[in-house]
Every structure is written in C-alpha cells, then in structure tokens.
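**Student:** Let me begin by handing over the structure; questions about it come next.
What follows is calculated from the coordinates using simple rules that are stated; it is not laboratory data. Just so we're clear, the structure is a prediction, and the values are computed from it rather than from any experiment. Backbone-built Cβ (ideal geometry, glycine too); neighbour counts: all protein chains shown.
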C-alpha cells in the first residue's frame, strides 16, 4: 500500500511538473548565444529572457550559452541536423555563407509587426544609418545588431601635449600629416626607439591587418576584391600604394618592427603609453580607463577621423554581431518578437555591457555618456563599411596577413609579394 501511495504521489508530482514546464498553449523559442553566463552580456541576456517571458506569458524562452570556440562548430552541425535554434547570434562575416545555405529568415511582415512598424523603411528609421545594411543581401535584410563596433584613429593626448602639440587642433588629418606629427611624437634614446609614434598589430588576428590595409585602399577607390568577389585586386595600384603607406612608419623610423612584433598592440601597448596613435574602436577608451586606472585619466585619449589623402573622404570600418532567425523555425513570430525586445534598450545595454546596439539616437542616451565621444562614433557611420566583408573570409584574410608580414617584417618587395598572394587568393576564390 505504501508503495502504491508513493507511486501515485510521484505520478501526480510528475504531472504537475510536466504541465508547468510545457504549459498548455505556450510557444517555446530556443535562443543560442556565445556569451558566458557569468559575464556582463550573459547576465543581461538572462534578465532580458525573464522580462520578456513576464511580458509575454504565452511564450517560453529556452536560452543556451555556448563558449565561442564550440559555438562556431556546434551551430552549423545543429543546422545540418535540422536542430538549429529559432534565434541565434551571427557575425556579419558569416552572413553570406548562411544566406547561400538557406538558413536565414528575411525580415518581412512578421518581423515588422514585432517591431511595431508596417514596412522596412519604417524599421530602418529605428536604427542608426547603415546599421541594418550590414546584414543586407540583395533587397532583403536578415538581422538586428546587438554588438556593433566602429573603428577610427585614437591618439594619446598626453603625448601630443608633451610634444608641444594641441590634440584638438594638431591631430593629423592626412597621411602626410600622420608622419609629420609622428616625427615629433617618437622618442629615441641612443639612436634607438623607446616609444613608437605608431605601431602595428602583428600579434593580433588577420582582422587587425585588414583594419590597416582596407581603409587606405578604399580612400583611393580601390578594394581588396572585385565587386562579385571572384578576383583579388590587392596588387592593384591602390593595394601597392596602401602597403607603401603602411610601411612608411618603419621606413621613416617612427615605429620599430622588432618592438611591434611582440607588442600587445590594443589591450596593453597603447593604453600603457608605449606608442601614441592607434586604429581603435569605440569600446577601447572605456575599457582602458577601467583596466588601467593608475595609468590613464579621463581624457587621455581622443578619437579622430581615419587619416586620408587630400580631397578624399575618410574610410571607417565596422564589425558586428546580430540576432537572426532560423529559416525553418516554426516560431518565427515569437522569435522576431524576442529579437526586437532584446535590441530595444541601447542605453541599458551600454551601461550593463559596454556594447553598442546601434538604434537611432543611441549616442544621446544616458548609457552613451559612458562612452567618450559617443556622438563622434555615430557620425563616423556615414563613412563606414563592414570590415573585410568577404564571402570567403579566411581564404582571403590569412594569405594577406602572411603577405603583409613578409613585407613589413622581412622586407620583401611589395609588388612581387602582392602579385604572389593575388594568385593564391584567386585560386581559393575559384573553389
């Protein structure tokens, strides 16, 4: 009898748990991301999920945090097996691959309804100019950005003042001015550089090499690949001139390749004052002020437009991640509704994570006050394109990284090296 009563009790409890977990009439949305749950983003995503469920009692959200290294392999495996989440984060560099594989849901009436608009044009007005275009293929748009990085030049204002320069007036506007100013900023002792004016991100990923090369080519109306991405143009006149421009820092003695080859360019070298000018992102200064309170003071760094050639427009790069909806999801309406909610609070997102959600007017929010020169960064968007937006990113960027190392570190001839890497890239693009 006791066993029968115990079994009955278990069945009753199990039924209650099942009914609670699979609430009748509820819709379940599966959401994947690559942010650690104990990190700022992961903690905020948990709050977003709980708030969304409270506002939408007919929807359950199942959120899974997957470490980045596993995420980039688990996601395509799940898609191939037909087990993809309804909503997941996607880097813009993967957009073409996932689009061509039919994985992505284009924004349509369902997405517009979720955002409270009736058309794509109305939706675009909710976002900063150019933000949604990063996730555009043809006439369709596929994602809402949740992490948006804007790059320009950043200078060390202390170094400028020490050299008798006014950082608000004397910052370089052209490439010639970069090297004129650099001659005043570099510090040498016994004929050797002890503080570089400019450095180079040798120890970092290929993306940082592209941040150096691609904008200079764009200023000359050139590009790394042709329009349909079937051929490399890196050995064009624009490519050769861009490499010559980059190499000038070493030729003129305002940078030391031996120092640069081992320097943590972005995370330590620049904020610690080991050189004076850098290609930097909007997230840099806030992070540096937090990480190096004994070294930096508010105002030590100033963002400026990317230097250019006389008569040419500056060229700015962006990188980003966006939320996208799986094309075979049975819960697209709920997924788009969740997507709109978790991208609708740019000020809060900046305050709690430091990441920009590029909604219209984000730079005027309370959160933006925690980002020095927020308005400047938003203004730079009009000159921006996504960095190295190649359909075959590794096949293009990695050979170019090796070629740039050969030129800058080993002194190999620019044209000969670029001719050779063009052939390697072209062969990869044919596959």
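**Student:** For the chain, take every pair of Cα atoms, bin their distances at 10 Å starting from 0, and report each bin as a whole percent.
**Tutor:** All Cα pairs considered, the percentages come to 4, 19, 28, 24, 15, 6, 3, 1, 1, 0.
**Student:** Let me ask another. Based on the Kirkwood radius over alpha-carbon pairs, what value in µm²/s does the Stokes-Einstein equation return for the translational diffusion coefficient of segment 88-240 at 37 °C and 0.692 mPa s?
**Tutor:** So the translational diffusion coefficient is about 167 µm²/s.
**Student:** Here's another thing I want to ask about it. Can you list, bin by bin at 5 Å, the percent of alpha carbon pairs in segment 233-282, starting at 0?
**Tutor:** The calculated distribution, bin by bin, is 4, 17, 21, 21, 17, 13, 5, 1.
**Student:** Output the peptides 289-295, 401-407 sorted from most to least packed, where packing is the average of other Cβ atoms within 10 Å over each peptide's residues.
**Tutor:** 401-407, 289-295
**Student:** If I take the Cα coordinates of segment 152-233 and project them onto the principal axes, what are the three extents in Å, biggest first?
**Tutor:** Extents along the principal axes, in whole Å: 49, 29, 18.
**Student:** While we're here: Over all Cα pairs of segment 306-391, how is the pair count split among 10 Å bins, expressed in % and running from 0 up to the last occupied bin?
**Tutor:** Per 10 Å bin, starting at 0, the Cα pair percentages come out as 15, 35, 32, 15, 3, 0.
**Student:** Order of 73, 319 from fewest to most other C-beta atoms within 10 Å?
**Tutor:** Least crowded to most crowded, the residues run 73, 319.
**Student:** Which order, highest average first, do 168-174, 189-195 follow once you tally other Cβ atoms within 10 Å for each residue and take the mean per peptide?
**Tutor:** Descending mean neighbour count gives 168-174, 189-195.
**Student:** Starting from the Cα of residue 101, step 7 Å toward the Cβ, then list every residue of segment 303-338 with an amide N under 19 Å from that point.
**Tutor:** Under cut-off, by backbone N: 321-330.
**Student:** Let me ask something else about it. Using the number of other C-beta atoms within 10 angstrom as an exposure proxy, rank 176, 139, 413, 300 with the fewest first.
**Tutor:** The order, fewest Cβ neighbours first, is 139, 413, 176, 300.
**Student:** Compute the length gained on full extension between residue 136 and residue 366: take 0.36 nm times their separation in residues and subtract their Cα-Cα distance, giving the result in nm to one decimal.
**Tutor:** Gain on stretching residue 136 to residue 366: 79.8 nm.
**Student:** Along each of its three principal axes, how wide is the spread of alpha-carbon positions in segment 34-79, in whole angstrom units, largest first?
**Tutor:** Principal-axis extents of the Cα atoms in segment 34-79, largest first: 33, 25, 8 Å.
**Student:** Residue 173 to residue 348: FRET efficiency via 1/(1 + (r/R0)^6), r the Cβ-Cβ distance, R0 41 Å, to the nearest 0.05?
**Tutor:** It comes out at approximately 0.70.
**Student:** Residue separation times 0.36 nm, minus the C-alpha to C-alpha distance between residue 47 and residue 184: what's the value?
**Tutor:** 44.3 nm
**Student:** Expressed in nm to one decimal, what extension gain is obtained for the pair residue 91 and residue 298 from 0.36 nm per residue of sequence separation less their Cα-Cα distance?
**Tutor:** Taking residue 91 through residue 298 to full extension adds about 71.4 nm, to one decimal.
**Student:** Right, next: Treating segment 170-301 as a set of equal point scatterers at the Cα positions, no solvent, please give the Debye-formula log₁₀ I(q)/I(0) at q = 0.10, 0.16 Å⁻¹.
**Tutor:** The computed values of log10 I(q)/I(0) come out as -0.37, -0.89.
**Student:** Can you tell me the Rg and Dmax of segment 122-188, counting just the alpha carbons, in angstroms?
**Tutor:** Taking only Cα atoms of segment 122-188, I get Rg and Dmax of 19.4, 56 Å.
**Student:** Please work out the Cα convex hull volume for segment 89-164 and give it in Å³ per residue.
**Tutor:** 142
**Student:** Which value in nm describes the separation of the simple spin-label points at residue 252 and residue 204, placed 7 Å from the Cα toward the beta carbon?
**Tutor:** 2.1
**Student:** Just how many % of Cα pairs in segment 365-413 lie over 17 Å apart, if you round to the nearest whole percent?
**Tutor:** Percent of Cα pairs beyond 17 Å in segment 365-413: 62.
**Student:** Over all alpha-carbon pairs in segment 278-431, figure out the percentage whose distance exceeds 25 Å.
**Tutor:** When all Cα pairs of segment 278-431 are counted, 54 percent exceed 25 Å.
**Student:** In degrees from 0 to 90, rounded to the nearest 10, what is the angle of the helix 393-410 Cα long axis to the longest principal axis of the chain?
**Tutor:** Helix 393-410 sits at roughly 30 degrees to that axis.
**Student:** Please give the Cα centre distance for segment 52-113 versus segment 414-431, rounded to the nearest Å.
**Tutor:** Taking the Cα centre of each part, segment 52-113 and segment 414-431 sit 35 Å apart.
**Student:** Something else about it: Taking all pairs of different Cα atoms in segment 273-317, averaging 1/r and flipping that mean, what Kirkwood radius in angstroms comes out?
**Tutor:** 12.3 Å is the Kirkwood radius here.
**Student:** Ok, one more. Compute the long axis of helix 68-80 from its Cα atoms, compare it with the longest principal axis of the Cα atoms of the chain, and write down the angle in degrees, 0 to 90, nearest 10.
**Tutor:** On a 0 to 90 degree scale, this one is about 50.
**Student:** Rounding to the nearest 10 and keeping the result within 0 to 90°, find how far the Cα-based axis of helix 237-251 lies from the longest principal axis of the chain.
**Tutor:** Taking the Cα atoms of the chain, the angle to 237-251 is about 70 degrees.
**Student:** Provide the three semi-axes, in whole Å and in decreasing order, of the ellipsoid equivalent to segment 248-326 as defined by the square roots of 5 times the Cα gyration tensor eigenvalues.
**Tutor:** Equivalent-ellipsoid dimensions as semi-axes: 24, 21, 15 Å.
**Student:** Rounded to the nearest 500, what is the 222 nm mean residue ellipticity of the chain from helices alone, with -39500 (n - 2.57) per DSSP H run of 4+ residues and division by all residues?
**Tutor:** -13000 deg cm²/dmol
**Student:** Separate question: So for each of 242-250, 266-274 I average, over its residues, the number of other beta carbons within 10 Å; can you give me the resulting order with the highest mean first?
**Tutor:** Per-residue mean Cβ counts within 10 Å order the peptides as 242-250, 266-274.
**Student:** Sort 364, 121, 398 by Cβ crowding within 10 Å, fewest neighbours at the top.
**Tutor:** Starting with the residue having the fewest Cβ neighbours, the order is 121, 364, 398.
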